[in-house]
Every structure is written in C-alpha cells, then in structure tokens.
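Structure record follows, encoded as structure tokens.
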Amino acid sequence: MNRSFKLILIIFMLLAVIGASACIGEEKEGTAKGSVSGEGSQELVVGIGTDVSNWYLNTFASGDARFVWSQVYETLVRLDSDLNIIQGLAESWETPDEGKTWIFHLRENVTFHDGTPLNADSVVFSYSNQSYVRQAVLKPVQSVEAVDEYTVKFVLAKPMPLPYYLTHVAWPVMGPGCVDSEGNFVKPVGTGPFMFESQKKDQEVVLTRNEAYWGEKSLLDKVTFKVIPEAATRVIALETGEVDMIIKVPEYDVKRLEAKDGIQIHRKLTTFTDFLQFNCDNSPFNDTRVRQSVAYAVDTETLVNEVLEGIGEPAGGRPYSPVMMYSDPELKTYAQDLEKAKALLEEAGWKDSDGDGIRDRDGKPLHVTLVVSKGVWAPRHNPMAQVVQGTLRETGMDVEIQVLDDGAISKLESTGDFGMILRSGYFVWGPYPKHFFIHHSASPNSHYHNETYDELVDAADRTVDAKEQEELYHSLQAFVIEEVPAYYLVHEEKVIATGPSVKGYTISSEDPWLNLSGVYVERK
C-alpha cells in the first residue's frame, strides 16, 4: 500500500508539473501575441494623409485611400513583398492565344463580407463596362464572361499581359452587395481580412476583422485609420502615441525618428519614381536640346543626399526603379555637367544678350513654370523644386514655381499652359512597366508626340513573350534617355514608421499597399 501510495503521489506531481508548464507556455504565447484574445486589446491606429473619398469601382481610389482599400478589397492576382506575382482570389490563370484571351480559375469557398459567395458572376460585376478600370486602363477588354461558377474569361481586342494589370488594389473584386437593386452604391463589400464598420468624413475610417476570412485571419480585432493631412502632424501623433503607425514619413524626419527609443522606421525601394514632365508641345521644351540641358544641369545625387537626406536612389534620368521588371542595369544615365547644359542652350539659340543672367531668344526671356502639387507628395516635392529652380538659374533659365491643387493642375494640362510638372508614379502598379504610356500620344497626360515612341510602347504592351518585352522596354529606356520627354529624378523609398506597441510588421515594395498580415499590438 505504501509503495502504491508513493507511485500515485509521483504521478500526481508529474501531472502538476506538466500542467504548470502548459500554463506557462500559454501565458508566453499570449504575451508574444499581445494578448490577442483580450477584449479590445488588438486595435491598431494608423495615421494617413487623405480620407477615402470613394469606395466603388466606378471611380479611381486616389491618395491614401488605397492603403485602406487593400484591407477591405482583394484582387484576382497578388504580389508578394518583393513584387513577385502570386495567387490572389484566382488560384491560376492561362492564355490560350498569347494574350488575347485570359482565363482565371477562382478560389472556392471564399465569401464576401455580406456572406455571399465569390464566384464568376461577381468578377463579371467588378469588371463591367461601368468600372473605372475598363473605362480608363483596360479599354482593349471586349468582354468578361462567366464560363462556369469558378471560371472567368477575359476577351481582349489585342494581346496584353493582363494578370499584371489585375494586381492593382484600385480595381479589385467587389461584391454585388455594394449596390442596391437600382444600382446605387450602398456600402463597401469585399473579401479582405477586414470589413468596413464606419467612417467620419476627413476624420477616420474604422475596420473590423473579417472572422470568415478565407486566408490567415488577422491578429488584429480592429484597424482605425486616422486622417491627418499634415505630414509633420502625423509624426507628432506617432511620437505622442495618438497613432501606432504612420504612412509616408517625411524624409527629413527619418534619422530623428530612427534615433528615438521604441520607434521603428521601415524602408524599401518602390516602383515609384519622381520626374519632371516637360510640355514638349510648346517652347522652350519643344526643343530636345533644351530638355537635355535640364538633364545635364539637375544633379539627382544632390536631390537624394542633401534634400531627401539619403532616402531614395538617384535616377539620373533612369525611367524605371531597379525593382521594376526590365529595368536596364546597363542604361547610361546623366551626370551633372553645367557647362554641357549651357552649351546646349546656346546651341538652341538661347543667349544672355543683355547680361542680366537670364537667357533670351528673339526678345523673349527663357522663363518657364514648374508646377508642384499641394497633395501628399508636397513635403518632398517642394524642396526638390527649389533645388531644381536654383540649379537651372545657374544655366540662365528663369524658373517660376507654382504650387497648386490637383484640379488647377488638370486645367493647366488641358490648356497646355505649363512648362514642367514635378510628378511621381503614374501608370505604375506592381513591377509591370506600363508607366511609359504617360508619354504616349494617346495618353491624356501626354504633351509629347513621337510616332516611333508610340510604336515602341504599343509593341511592348502587346506581347506576352518575356524576352521580346525585355528588348522593347530596354529600347524605350534608351529612347527616353536620349529624347527626354521627362527627366527622372529619384527612385522613391517607401517609408513607414511604427510605434513601440506594433509587432510583426513587414514592409512591401508595392505602393500603395499596406501589409498587416502578422501584425499585432503589445501595449504596456
């Protein structure tokens, strides 16, 4: 009996030790994930610069709205953090005729936030004739057809690499429940990891976790996007703990924030590139030599190292960021040569006849305007514009900076009443190099007309053969370096800052996209 009692006692002690170990393990796991199960403990607050002005497929999601859209809506095809194409709501796709027809096979057992199933009909709905993407970007798409419940066919008038286009978060798959029986928009209905809960105009958007999400569920219960238009105010909000994360950190604040205890700076080169777009239809930029003069004058190394404090990569005229498909690593770029810049202006007939430091021709001074937007890029573009202004003054060009809202810029574009516009991005999504379309004669934003250029752009976008695409896009890059319809300044770095409570964040090269997979908060 004594031996039996001792044996039973030992067994109970072992069980107690095992139980205690399990509890400790559970406690550690809970702590590591920021007590995910704790009520109300997993709310992430993100500071953004602009509100979501629209939620429906008939309008482009502009500004920081796309960071919010990327939580609610999903695309047929996705990109990983390094811009490799991967499965999205489609598990596979193929083209039977070298790009004129594309067939997508959808994931099964995926539901929208209102409980309705993802199927071929919902994809047809999302890419109907009324959608922005069909009207503005995918004009070659003639029809979108449901082959069966989980198979969709896109028929195009010409071949094109459609899957790359369908990675853009601004034209995702939306649930038919977005609209009522009369076709009026009601609310955002997507398949994403978060669902729309509420919105206060120009203040905040609140999203809650999608418990029925088909993929890995978020560790966050709620994400609140606070609209803070001023970049400096967003930084202060992060430092004071009003928000946990901010998007588009000003370059001049990066080093200071990196030195602050608990704040993490996340940086990654993106597909966006800042550039000076010339009005090639009017004097003086209708002369290639004048455009080349600007390229030789403006030192992009200075823009990065001194103006942007080392954030980004000097472009030297290179149109494509190194992370883009077919970006030519052997491309010969511009280096600053002020004497060459002056000589080109002389050759074009612009001389300083009266000795006032400003060149003139036929009695007219070399006066040009440089238009800068008041939008989300203003904190970086304003100081860049001032450096461009000062540098070009050294060559004898008088540059007037005009800081305008987007509506005013659009009016100037339509009338052609501008010299240069400082821009970023444009027809850039994922790694696919569609950006060259901006200088195509058919582009509404183009002020450059060159038949050879147009033919190259059309040919490059028509083929799905990778080798042929690479050759054509390399030719286009060399063409842009020589002809300079625009001068490319800085390959941008995406910069996001997180506070001490944020854990598990991984930055993506894709912009604008906010990856919250694996993110949780651990508050003290």
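The values are calculated or read from the model by the stated rules, or taken from the named source; none is laboratory data. Small disclaimer: the values here were computed from a predicted structure and weren't measured. Because the Cβ atoms are built from the backbone with ideal geometry, glycine has one as well, and the counts that use them run over all protein chains shown. The protein model used for the area step is the full one, side chains on, heavy atoms only, and it has no ligands, DNA or RNA in it. Shrake-Rupley method; radii C 1.70, N 1.55, O 1.52, S 1.80 Å.
The residue list VAL254, VAL223 contains one member that is within 23 Å of GLY88 (Cβ to Cβ) and of a type outside the set (D, E, K, R), which is VAL223. Being more than 25 Å from the chain's Cα centre (by Cα) and in a loop (DSSP other than H, G, I, E, B) is a condition met by at least one residue of the stretch 317-333. Being at pLDDT 95 or above, within 22 Å of PHE275 (Cα to Cα), in contact with a strand residue (DSSP E or B) (Cβ under 6 Å, 6 or more places away or on another chain) and of a type in the set (A, V, I, L, M) is true of ALA486. Residues in the stretch 292-314 that are surrounded by fewer than 24 Cβ atoms within 10 Å (Cβ to Cβ) and within 25 Å of LEU472 (Cβ to Cβ): GLN292, GLU313.
Which members of the stretch 482-498 meet the condition of being farther than 27 Å from PHE418 by Cα and either open to solvent by 30 Å² or more (accessible area, probe 1.4 Å) or without any contact (Cβ under 8 Å) to a residue 12 or more places away in the chain (or both)? Don't jump to the end; show me each part of the working.
At the first step, the residues of the stretch 482-498 found to be farther than 27 Å from PHE418 by Cα are 493-498.
Within the stretch 482-498, GLU493 is the sole residue that qualifies.
Please find, among PHE479, PHE436, the residue that is of a type outside the set (Lys, Arg), in contact (Cβ under 8 Å) with a residue 60 or more places away in the chain and under 21 Å from GLY317 (Cβ atoms).
Testing whether each residue is of a type outside the set (Lys, Arg), in contact (Cβ under 8 Å) with a residue 60 or more places away in the chain and under 21 Å from GLY317 (Cβ atoms) leaves just PHE436.
Applying a threshold of 6 Å to beta carbon distances and a minimum spacing of six or more residues, or different chains, the list of pairs starting in the stretch 360-389 at a residue that is farther than 30 Å from GLU309 by Cβ and ending at one that is among the polar types (S, T, N, Q) reads ASP360/SER353. Scanning the stretch 55-85 for residues that are more than 18 Å from GLY425 (Cα to Cα), polar (S, T, N, Q) and either assigned to a loop (DSSP other than H, G, I, E, B) or in contact with a helix residue (DSSP H, G or I) (Cβ under 9 Å, 6 or more places away or on another chain) (or both) returns ASN58, THR59, THR75, SER81, ASN84.
From the list GLY183, GLY192, GLY215, GLY177, pick out the single residue that is within 30 Å of TYR150 (Cα to Cα) and not in a loop (DSSP other than H, G, I, E, B). Step through it out loud before you land on a result.
Numbers: GLY183 fails: not in a loop (DSSP other than H, G, I, E, B); GLY192 fails: not in a loop (DSSP other than H, G, I, E, B); GLY215 fails: not in a loop (DSSP other than H, G, I, E, B).
The conditions single out GLY177.
Could you check, for the stretch 398-414, whether at least one of its residues is within 18 Å of MET324 (Cβ to Cβ), open to solvent by less than 20 Å² (accessible area, probe 1.4 Å) and touching a residue at least 24 places away in the same chain (Cβ under 8 Å)?
no
Answer yes or no as to whether ASP417 is at pLDDT below 95 and not polar (S, T, N, Q).
Against the criterion (at pLDDT below 95 and not polar (S, T, N, Q)), ASP417 qualifies.
Suppose we keep only residues that are touching a helix residue (DSSP H, G or I) at 6+ places or on another chain (Cβ under 7 Å) and farther than 22 Å from LEU79 by Cβ within the stretch 160-180. Which one would you say is surrounded by the fewest Cβ atoms within 10 Å (Cβ to Cβ)? Among those that are touching a helix residue (DSSP H, G or I) at 6+ places or on another chain (Cβ under 7 Å) and farther than 22 Å from LEU79 by Cβ, it is PRO176. The C-beta contact set for the stretch 94-108 (first residue within 10 Å of VAL464 (Cβ to Cβ) and among the basic types (Lys, Arg), second residue open to solvent by less than 40 Å² (accessible area, probe 1.4 Å) and part of a loop (DSSP other than H, G, I, E, B), distance under 6 angstrom, 6+ apart or interchain) comprises LYS100/PRO159. Quick check: anything in the stretch 338-360 within 22 Å of ILE421 (Cα to Cα), open to solvent by 60 Å² or more (accessible area, probe 1.4 Å) and not in a helix (DSSP H, G or I)? Among the residues of the stretch 338-360, not one is within 22 Å of ILE421 (Cα to Cα), open to solvent by 60 Å² or more (accessible area, probe 1.4 Å) and not in a helix (DSSP H, G or I), which makes the answer no. Candidates are the residues of the stretch 114-134 that are of a type outside the set (A, V, I, L, M, F, W, C) and open to solvent by 40 Å² or more (accessible area, probe 1.4 Å); the one that is nearest to PRO172 (Cα to Cα) is TYR132. Only one entry in GLU510, GLU522 is surrounded by fewer than 21 Cβ atoms within 10 Å (Cβ to Cβ) and either touching a strand residue (DSSP E or B) at 6+ places or on another chain (Cβ under 6 Å) or more than 30 Å from ASP221 (Cα to Cα) (or both), namely GLU522.
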